[in-house]
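Read the structure below first, then the notes.
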Amino acid sequence: MSNAIKVLAKMDSFEHEQVVFCQDKETGLKAIIAIHDTTLGPALGGTRMWNYDNEEDALEDVLRLSRGMSFKASISGLDLGGGKAVIIGDASKHKTENLMRRFGKFVDTLSGNYITAEDVGMSTKDMEYVRMETKHVTGIPVSMGGSGDPSPVTAYGVYMGIKASSKFLWDDDNLIGKKVLVQGIGHVGEYLVKYLSEEKAKVYISDINQEKLDNVASMYGATIVNNDSVFDFDMDIYAPCALGGILNTANIDKLKCSIVCGGANNQFEDEIRDSLHLKEKGIVCAPDFLVNSGGLINVYSELKGYDRTKALEQTKEIYNTTLDILEKSKVEGITSYSAALKIAKNRIEAKKS
Ligand code: NAD
């Protein structure tokens, strides 16, 4: 089988509409733009720059990530499809203004069918370069008429997810005195700590960055937990807000909490296996791609003419959607992850018919 046909077979298995391979000798740009599904609207998703071991890994990543974006947009009720782009290379060595502008020109050739944004290895400055070549870019600075840093809105959505999970489990969404551990107190985690401490939850924090820990602990009165002891720690709510793939068979076995709800993307090492494991342990889990969709809601609002109040109002809806999904998971005896995926897929299918 030729490589071209293998790519088509991969597109078929992930159910993609379009994959665009971009190359430019002058700037050294090698990029792949994947458009998964545009049934609900233009495909929106960030650009990731990563030093992939090989092109197959880059293709696999962009297909998986863009598919995830379709479901995130769908579950959040947005008129957006799913897309993502990857630039192959080391962002610290190979990224230049010219490379980013050339990438912007490629994005422009898609006439808005794909809209880009910031992701791993990208900065707001890079989006400014992309913006010089195409208007199909979001997450640009407030000074340029954009929506700026999406993290506070993402954190608000996670906070809504935590409250909805508490309502579902304890019939009370009041978090006063609840022991909540936020692992990863970066952009999203720190804002989440703020919301939780304002509600007088007992907030615990862990991170690999001691300086951040000391700052956040003194600002919000949070208690530091050693990052190696998170899975030995007795808590009501565990909020993973660092990197993906944090939950696996071994640490779910140890996990001592009633609710998992955090901002990190792709929290499970294996979504099907690990979400089932949590369910079997009786731990309520709010799907990550739903509760962390505040950032996407924020950039969606930028497309319509940015209004922070409206973006927050729409993000607040994560509360009701989380409750619906947890209820569906209980009634149908399926994991909350499967319940969320079903709803997301159904919305896309309904629009097609
Ligand atoms: P960030 O880089 O600002 O913060 C990540 C924090 O996690 C840092 O403080 C880092 O020191 C810490 N960390 C890294 N590895 C760790 C480990 N092994 N154990 C404990 N702490 C560790 O990132 P962010 O923007 O806050 O994003 C956090 C997560 O949320 C990511 O998974 C991201 O994909 C996801 N997310 C973010 C947004 C957003 O709006 N920023 C939106 C959706 C999803």
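Data overview
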read-out: Near pairs, Cβ below 7 angstrom, 6+ apart or cross-chain, from the range 255-271 (away from the ligand (no atom under 12 Å from the Cβ)) to any residue that is of a type in the set (D, E, K, R); value: Lys256/Asp234; Cys257/Asp236; Ser258/Asp236; Ile259/Asp236; Phe268/Asp274
read-out: For Val158: the one exception among (1) at pLDDT below 95; (2) surrounded by 24 or more Cβ atoms within 10 Å (Cβ to Cβ); value: (1)
read-out: Residue check for Lys212: away from the ligand (no atom under 16 Å from the Cβ) and assigned by TED's automatic domain parsing to the domain that holds Asn251; value: no
read-out: Residues of the range 19-71 satisfying the condition of being β-branched (Val, Ile, Thr) and within 17 Å of Leu110 (Cβ to Cβ); value: Val19, Val20, Ile32, Ile33, Ile35, Thr38, Thr39, Thr47, Val62
read-out: Pairs where the first residue, in the range 11-28, is at pLDDT 95 or above and the second is outside any helix (DSSP H, G or I) and of a type in the set (D, E, K, R), C-beta under 7 Å, 6+ apart; value: Glu17/Asp37; Gln23/Lys30
read-out: Whichever residue in the range 272-296 is buried (at least 23 other Cβ atoms within 10 Å of the Cβ) and not in a helix (DSSP H, G or I) and, among such residues, is farthest from the ligand (Cβ to nearest atom); value: Val284
read-out: The range 129-148 - residue that is assigned to a loop (DSSP other than H, G, I, E, B) and surrounded by fewer than 17 Cβ atoms within 10 Å (Cβ to Cβ) and, of those, nearest to the ligand (Cβ to nearest atom); value: Pro141
read-out: Which numbered condition Ala31 fails, given (1) closer than 30 Å to Gln314 by Cα; (2) part of a strand (DSSP E or B); value: (1)
read-out: Residue match in the range 163-177 (condition: within 15 Å of the ligand (Cβ to nearest atom) and either modelled with pLDDT under 95 or crowded, with 23+ Cβ neighbours inside 10 Å (or both)); value: no
read-out: Whichever residue in the range 231-245 is in contact with a helix residue (DSSP H, G or I) (Cβ under 9 Å, 6 or more places away or on another chain) and assigned to a loop (DSSP other than H, G, I, E, B) and, among such residues, is modelled with the lowest pLDDT; value: Gly244
read-out: Sole exception among (1) among the small types (Gly, Ala, Ser); (2) more than 13 Å from the ligand (Cβ to nearest atom); (3) in a helix (DSSP H, G or I) for Gly305, by number; value: (3)
read-out: Within the range 246-264, tally of residues that are in a loop (DSSP other than H, G, I, E, B) and surrounded by fewer than 16 Cβ atoms within 10 Å (Cβ to Cβ); value: 1
read-out: Residue within the range 324-333 that is touching a residue at least 24 places away in the same chain (Cβ under 8 Å), under 17 Å from the mean Cα position of the chain (by Cα), over 22 Å from Ile115 (Cα atoms) and surrounded by fewer than 24 Cβ atoms within 10 Å (Cβ to Cβ) present; value: no
read-out: Tally, over the range 153-196, of residues that are aliphatic (A, V, I, L, M), more than 22 Å from Gly295 (Cβ to Cβ) and assigned to a helix (DSSP H, G or I); value: 1
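The values are calculated or read from the model by the stated rules, or taken from the named source; none is laboratory data. For clarity, every value in this text was computed on a predicted model and none was experimentally measured. Cβ coordinates were reconstructed from backbone atoms using ideal geometry, including for glycine residues, and neighbour counts include every protein chain displayed.
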